[in-house]
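Visitor: Handing you a structure now.
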Amino acid sequence: MAFRGQFDDAARAYSAGGRPDLAVKLFTDMRRFKQAEQWASGDEQKRGLLELRAGWAEKEEDKGEAIELFLQLGEVEKALIAMKEIGWARRVLDTARALDVVGQRETIELAASILLEMNDSNGAAELYELNKDIKSVVEIKLASKDWEYLLALSDREPFHRETILMPYAQYLIENDRFIEARSVYLRAGHPEAATSVLAQLAQVAVTIERFSDASFYNHLLGQVAEESTLALTDSGLIERAYSAADEFQSKAELYNLYSVVDNVVKDPFSILSAESVFHASRILAAKLWSAKDIPPGIKLGYVLFVLANYGMKLECYKTARMAMERLKDLWLPKKLNARFVELYVQNRTCPFQDPQELSDFCHACSSFNSLVNTRTGFSCQSCASALKYCNVSFEHLPLVEFFLAPTITNDEALTLITMEPMVKGSKNSSEVEVQEGVVRFDRPKTAAPSGSNEQFFADFQRKGAIVVDREVLRNLNEEEVVILRLGNGRQWRFFRNMLADVVPVTACCSCCRLFNSDDYFASLLELSSCPFCREPVAVEANV
């Protein structure tokens, strides 16, 4: 019957004779698998039939059918390999997702490796993460630079945080995002790498004569040095860290001043006022006049030339003469020599004096100072008290520093100062309130009469410093007091504004630098950040 083409009749005859296996063989020899399935009996025979069918489909390059048969047989590995051969990456991923993570880890790993070979890194990473192989996930994502995914992964997997963040910091450096790189190094637990990056940036900024940036990076180095004290216990190491921090902050101030001088030398048409340039150059000259070590990049000759040039413009002939006499012993480029000779000749025809209104008045000892103190830097020539200046306009600020009695804490002093209510009124200049990084510019208030100056300055002549007790603090008006709330375990610094109704002063809550409030407000409107430390500051204007 089979030879006559009566296959169904032959199959029934085999089955009736007790040999259904021959019926199955009859149809399988002809590759009629569906008909063979009708005569198969028992799971083992059915499975064998599926295996034959799958093998034949694979041999005939019918990969789609072979894949389905392999999956029915539970031979997932063969199915995955077949999917790879025909490029079914999505089917590989879907198949692996349905597997048992506990019992089929090796199969999932095979699927991930197949996806990698098919350039589906995202799918491979998903399967490796499903398989708890975070190391492989990190390697894949680092190769593809998927930083958003990696940063989220670093928060979920602290054990691999360093492995992720260190390459990310290097990536940021390569893309000139140095400040972000510093914070990433700190998160990765490598503060020494963060410090090294800042030191290199500061050095490069000086080399390419970007002194404003040099100031910023030295300020950050000072902050890093201060923060390092929190992890120290030895008093000697703490003292050295504070000393290094002070040195960096001093350099930051010098480079900030010199950036004005350098800009004026390179571009005579500066947008800064003549008074601001003059004040910046005279403060810098006072600090460097007798200095043994001048920071790299700062040219004293340029400082004195600008001082002389703008001194002549503002009729400060005495200061200009001093600068030019010192400048004769220093080097100047040819482009400035002709102007120097012209200034020198003009100065000889002018009176040897400076206008008193530009002189610095020391409110501690009530004495006027020359515009450039060549002996002790930017400080009072009579009592040696340090003078303070605005870090935008560089004008002298009418501040007097005072110290708390040993038994008074910072919090108690703050409470005593704020106990007296403010009297409402009006005046022309604005006031600035800084709280938690938000600056509010309100219409000003008129101060109530302060405690007597005699009581405030009572111990100055005897001790050389103003030390106040609780009674004096209670008599001070809150708007007269400027507080530098230094962090990292340092003592707060207190100043009294002797002309609070005329020259309002505010301090940046991030870098603790002092500013004329009006200048600070103008800078915030322009930059939306502190002009010295570049820390973003939110501004609210209340009318």
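Visitor: For segment 179-191, enumerate the residues that are free of Cβ contacts under 8 Å to residues at least 24 places away in the same chain and open to solvent by 50 Å² or more (accessible area, probe 1.4 Å).
Guide: Selection gives GLU180, SER183, LEU186.
Visitor: Is it fair to say ALA152 is surrounded by fewer than 16 Cβ atoms within 10 Å (Cβ to Cβ) and without any contact (Cβ under 8 Å) to a residue 40 or more places away in the chain?
Guide: Working: surrounded by fewer than 16 Cβ atoms within 10 Å (Cβ to Cβ): yes; without any contact (Cβ under 8 Å) to a residue 40 or more places away in the chain: yes.
Yes.
Visitor: Right, something else. Among the residues of segment 398-415, is any outside any strand (DSSP E or B), of a type in the set (Ser, Thr, Tyr) and closer than 30 Å to SER529 by Cβ?
Guide: Keep residues of segment 398-415 that are outside any strand (DSSP E or B), which gives 398, 405-415.
Now narrow it down to the ones that are of a type in the set (Ser, Thr, Tyr): 407, 409, 415.
Checking which are closer than 30 Å to SER529 by Cβ leaves us with none.
No.
Visitor: Let me ask something else. Tally time: how many residues in segment 477-517 are free of Cβ contacts under 8 Å to residues at least 60 places away in the same chain, open to solvent by less than 40 Å² (accessible area, probe 1.4 Å) and assigned to a loop (DSSP other than H, G, I, E, B)?
Guide: The qualifying residues number 3.
Visitor: So, one more: Of the conditions (1) surrounded by 19 or more Cβ atoms within 10 Å (Cβ to Cβ); (2) in contact with a helix residue (DSSP H, G or I) (Cβ under 6 Å, 6 or more places away or on another chain); (3) within 28 Å of SER212 (Cα to Cα), ASN347 clears all except one; give me its number.
Guide: (3)
Visitor: Tell me which residues, restricted to segment 366-380, are over 14 Å from ARG282 (Cβ atoms) and either assigned to a loop (DSSP other than H, G, I, E, B) or open to solvent by less than 40 Å² (accessible area, probe 1.4 Å) (or both).
Guide: Taking segment 366-380 as the starting set, the residues that turn out to be over 14 Å from ARG282 (Cβ atoms) are 366-368, 375-376, 380.
Within segment 366-380, SER366, SER367, ARG375, THR376, CYS380 qualify.
Condition check ((1) modelled with pLDDT of 50 or more; (2) in the same structural domain as THR506 (by the TED database); (3) part of a helix (DSSP H, G or I); (4) closer than 23 Å to SER385 by Cα) across all residues:
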{"site": "SER429", "(1), (2), (3), (4)": "no, no, no, no"}
{"site": "PRO444", "(1), (2), (3), (4)": "no, no, no, no"}
{"site": "ALA448", "(1), (2), (3), (4)": "no, no, no, no"}
{"site": "ALA458", "(1), (2), (3), (4)": "yes, yes, no, yes"}
{"site": "GLU471", "(1), (2), (3), (4)": "yes, yes, yes, no"}
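Visitor: Would it be correct to say that VAL102 is in a loop (DSSP other than H, G, I, E, B) and more than 18 Å from the chain's Cα centre (by Cα)?
Guide: It is true that VAL102 is in a loop (DSSP other than H, G, I, E, B) and more than 18 Å from the chain's Cα centre (by Cα).
Visitor: Could you tell me whether segment 210-233 includes any residue that is over 21 Å from the mean Cα position of the chain (by Cα) and of a type in the set (Asp, Glu)?
Guide: No.
Visitor: Right, here's the next one. I need the helices (runs of 4 or more DSSP H) fully contained in segment 234-333, keeping only those with at least 3 residues that are open to solvent by 40 Å² or more (accessible area, probe 1.4 Å) and free of Cβ contacts under 8 Å to residues at least 24 places away in the same chain.
Guide: Because the criterion is at least 3 residues that are open to solvent by 40 Å² or more (accessible area, probe 1.4 Å) and free of Cβ contacts under 8 Å to residues at least 24 places away in the same chain, the helices (runs of 4 or more DSSP H) in segment 234-333 that meet it are 235-266.
Visitor: Using the structure shown, decide if PHE340 is assigned to a helix (DSSP H, G or I) and either under 39 Å from the mean Cα position of the chain (by Cα) or surrounded by 17 or more Cβ atoms within 10 Å (Cβ to Cβ) (or both).
Guide: So PHE340 fits the description; yes.
Visitor: With the requirement that a residue be in contact with a Phe, Trp or Tyr (Cβ under 7 Å, 6 or more places away or on another chain) and among the small types (Gly, Ala, Ser), what does segment 223-256 give you?
Guide: ALA225 - this is the single residue of segment 223-256 that is in contact with a Phe, Trp or Tyr (Cβ under 7 Å, 6 or more places away or on another chain) and among the small types (Gly, Ala, Ser).
Visitor: Filter segment 159-176 down to the residues that are part of a helix (DSSP H, G or I) and open to solvent by 80 Å² or more (accessible area, probe 1.4 Å) and list them by number.
Guide: Of all residues in segment 159-176, those part of a helix (DSSP H, G or I) come to 159-174.
Those that are part of a helix (DSSP H, G or I) and open to solvent by 80 Å² or more (accessible area, probe 1.4 Å): PHE159, GLU162, GLN170, GLU174.
Visitor: Of these, ALA66, ALA57, ALA112, which one is open to solvent by less than 10 Å² (accessible area, probe 1.4 Å), modelled with pLDDT of 80 or more and either closer than 28 Å to PRO167 by Cα or in a helix (DSSP H, G or I) (or both)?
Guide: Only one candidate qualifies: ALA112.
Visitor: Kindly indicate whether SER250 is modelled with pLDDT of 90 or more, closer than 23 Å to SER510 by Cβ and hydroxyl-bearing (Ser, Thr, Tyr).
Guide: yes
Visitor: Shifting gears a bit: Would you call PRO355 of a type outside the set (A, V, I, L, M), at pLDDT below 90 and surrounded by fewer than 17 Cβ atoms within 10 Å (Cβ to Cβ)?
Guide: No; evaluated as a whole, the condition is false for this residue.
Visitor: Got at least one residue in segment 203-217 being outside any helix (DSSP H, G or I), open to solvent by 30 Å² or more (accessible area, probe 1.4 Å) and in contact with a helix residue (DSSP H, G or I) (Cβ under 6 Å, 6 or more places away or on another chain)?
Guide: Just the residues of segment 203-217 that are outside any helix (DSSP H, G or I), to begin with: 208-210.
Among the residues that remain, those that are also open to solvent by 30 Å² or more (accessible area, probe 1.4 Å) are: 208-210.
Going one step further and asking which of them are in contact with a helix residue (DSSP H, G or I) (Cβ under 6 Å, 6 or more places away or on another chain), we end up with none.
No, the conditions are met nowhere in segment 203-217.
Visitor: Quick check, is SER523 surrounded by 18 or more Cβ atoms within 10 Å (Cβ to Cβ) and part of a loop (DSSP other than H, G, I, E, B)? Give the derivation first.
Guide: Numbers: surrounded by 18 or more Cβ atoms within 10 Å (Cβ to Cβ): yes; part of a loop (DSSP other than H, G, I, E, B): no.
For SER523, the condition - surrounded by 18 or more Cβ atoms within 10 Å (Cβ to Cβ) and part of a loop (DSSP other than H, G, I, E, B) - is not met.
The values are calculated or read from the model by the stated rules, or taken from the named source; none is laboratory data. Please read these numbers as outputs of a predicted model, since none were measured by experiment. A quick note on method: Cβ atoms are made from the backbone with ideal geometry, for glycine too, and the neighbour counts reach across all protein chains shown. Only protein heavy atoms, including side chains, enter the accessible area calculation; ligands, DNA and RNA are left aside. Shrake-Rupley method; radii C 1.70, N 1.55, O 1.52, S 1.80 Å.
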